[in-house]
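Below is one structure; the comments refer to it alone.
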């Protein structure tokens, strides 16, 4: 359990130390809801969270969103605006023992001073089910008001009973306009920011910090601070930060991607939907975004293989072979040449005609689950097995009624293959693209032909 308000940058952080030792992003955290930039859908005028903060009536809630989207900062703002005992736990460092201390102190605060306790649990998804369940009775009794922060989807990372007792607020990456405002605010702030330095940061440099931060305000502020602190003073005593200095401070554009988080699924979904929409540029964009973020190329190939059957299917039956061959070539050659094989597979799928008719198998499976599997019609049964039955019953072999398609013109003959109860049922809906359309049209023409002159039967 933290003994002091870690959000309070006015406090010294050690003997003889000052808040100047903290990173710029920490020092520049807003002190009030009016200072908060971004997340207008939550803290804009008239929005629910804004009204809750201003009224001082805070219920248990979960903030979820990507890193540096303002979850901890909102807790900071609430801690200053609400007349309550504000306690911080970090789910990585603190566990049941620290939580019990919070509960004990909350009981004392309520009994002696009639004061509310707000518990902020950072990275709450790190707590297991038992630890999360331990919160429930104290939230239910009103002893504790919970504010949880998580970078993961709460519907997967938090237990249902906890979700049902909390309001959920989703935060998004900061927009470029918000980041520009906060960078300029930091440059002008003498007390907490960089205003005490005689520094000039060009507009191009501000733009570079903004765009290359990937919506991460912490990354943008700390990179700008590094650029300012490492820039020597010129003859006039001024530190000058231009775009070249900014580029040195951010060696590589920050990519907001986590192979185990929501972005993993969002980016993959964006790639698949771009392929389905036959947009090769967008498909390559999201594919490379995953690669730049450190995604396993084999995961991408697996998704492409699924797409080749699910969304291209019979419209281009060779697509799955192309993807499989590209995957084999990738394993033989590795990177960086492997980019060619990923691109080859991706572009082939994007440009291929599309058909989702292979999904018919799921409709057929549902038929089996709901109504069971019907008996095999007699003429489709195994001829040898039917022969044994015929000898025993002294009847004819029902399989003799089977019509052998190769003995008929076009290698097709009209015949019932489904059980009697399903003989008019159809699950497969042919696509109208590529080879599938041509093959279905061929079959349709054959079916329309009369089979008056069979060459024989079996």
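Consider residue 307 carefully, then state whether it is assigned to a helix (DSSP H, G or I) and either touching a strand residue (DSSP E or B) at 6+ places or on another chain (Cβ under 9 Å) or surrounded by fewer than 18 Cβ atoms within 10 Å (Cβ to Cβ) (or both). No.
Here is a yes/no grid of residues against (1) in contact with a strand residue (DSSP E or B) (Cβ under 9 Å, 6 or more places away or on another chain); (2) outside any loop (DSSP other than H, G, I, E, B); (3) at pLDDT 85 or above; (4) more than 19 Å from residue 136 (Cα to Cα):
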site: 38; (1), (2), (3), (4): no, no, yes, yes
site: 51; (1), (2), (3), (4): no, yes, yes, yes
site: 66; (1), (2), (3), (4): no, no, no, yes
site: 69; (1), (2), (3), (4): yes, no, yes, yes
site: 77; (1), (2), (3), (4): no, yes, yes, yes
site: 83; (1), (2), (3), (4): no, no, no, yes
site: 99; (1), (2), (3), (4): yes, yes, yes, no
site: 118; (1), (2), (3), (4): yes, yes, yes, no
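One line per residue, one yes/no per condition, for (1) surrounded by 15 or more Cβ atoms within 10 Å (Cβ to Cβ); (2) under 16 Å from residue 291 (Cα atoms); (3) modelled with pLDDT of 95 or more:
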position: 325; (1), (2), (3): no, no, yes
position: 332; (1), (2), (3): no, no, no
position: 337; (1), (2), (3): no, yes, no
position: 356; (1), (2), (3): yes, no, no
position: 361; (1), (2), (3): no, no, no
position: 366; (1), (2), (3): no, no, no
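Among the residues making up the range 411-458, those that are on the phi > 0 side of the Ramachandran plot and modelled with pLDDT under 80 are 411, 456.
When the range 67-93 is filtered for residues that are in contact with a helix residue (DSSP H, G or I) (Cβ under 7 Å, 6 or more places away or on another chain) and closer than 15 Å to residue 123 by Cα, the ones remaining, listed by number, are 68, 87, 89, 91, 92.
Checking 181, 103 one by one, the residue that is under 21 Å from residue 27 (Cα atoms) and either over 35 Å from the mean Cα position of the chain (by Cα) or touching a residue at least 12 places away in the same chain (Cβ under 8 Å) (or both) is 181 and no other. Return a yes/no flag: does the range 70-81 have any residue that is exposed (fewer than 15 other Cβ atoms within 10 Å of the Cβ), in the same structural domain as residue 36 (by TED's automatic domain parsing) and farther than 17 Å from residue 151 by Cα. Looking through the range 70-81, none of the residues is exposed (fewer than 15 other Cβ atoms within 10 Å of the Cβ), in the same structural domain as residue 36 (by TED's automatic domain parsing) and farther than 17 Å from residue 151 by Cα.
Taken as a whole, the range 226-243 holds at least one residue that is within 30 Å of residue 64 (Cα to Cα) and surrounded by fewer than 21 Cβ atoms within 10 Å (Cβ to Cβ).
Residue 341 passes every criterion in (1) closer than 27 Å to residue 432 by Cα; (2) surrounded by 18 or more Cβ atoms within 10 Å (Cβ to Cβ) apart from (1). Can you tell which of 112, 152 is surrounded by fewer than 22 Cβ atoms within 10 Å (Cβ to Cβ), over 22 Å from the mean Cα position of the chain (by Cα) and modelled with pLDDT under 90? Going through 112, 152 in turn, just one is surrounded by fewer than 22 Cβ atoms within 10 Å (Cβ to Cβ), over 22 Å from the mean Cα position of the chain (by Cα) and modelled with pLDDT under 90: 112. With respect to residue 291, is the statement that it is more than 22 Å from residue 339 (Cβ to Cβ), part of a helix (DSSP H, G or I) and at pLDDT below 95 true? Criteria not met by residue 291.
Restricting attention to the range 237-274, the residues that are over 30 Å from residue 346 (Cα atoms) and modelled with pLDDT of 80 or more add up to 13. Tell me, please, whether a residue that is at pLDDT 90 or above, assigned to a helix (DSSP H, G or I), within 30 Å of the chain's Cα centre (by Cα) and crowded, with 17+ Cβ neighbours inside 10 Å can be found in the range 161-175. Among the residues of the range 161-175, at least one is at pLDDT 90 or above, assigned to a helix (DSSP H, G or I), within 30 Å of the chain's Cα centre (by Cα) and crowded, with 17+ Cβ neighbours inside 10 Å, which makes the answer yes. Within the range 184-205, being over 20 Å from residue 21 (Cβ atoms), part of a loop (DSSP other than H, G, I, E, B) and either modelled with pLDDT of 95 or more or more than 36 Å from the chain's Cα centre (by Cα) (or both) holds for one residue alone: 198.
The values are calculated or read from the model by the stated rules, or taken from the named source; none is laboratory data. The structure displayed is predicted, hence computed values, not measured ones. All Cβ positions, glycine included, derive from the backbone under ideal geometry; neighbour counts span all protein chains shown.
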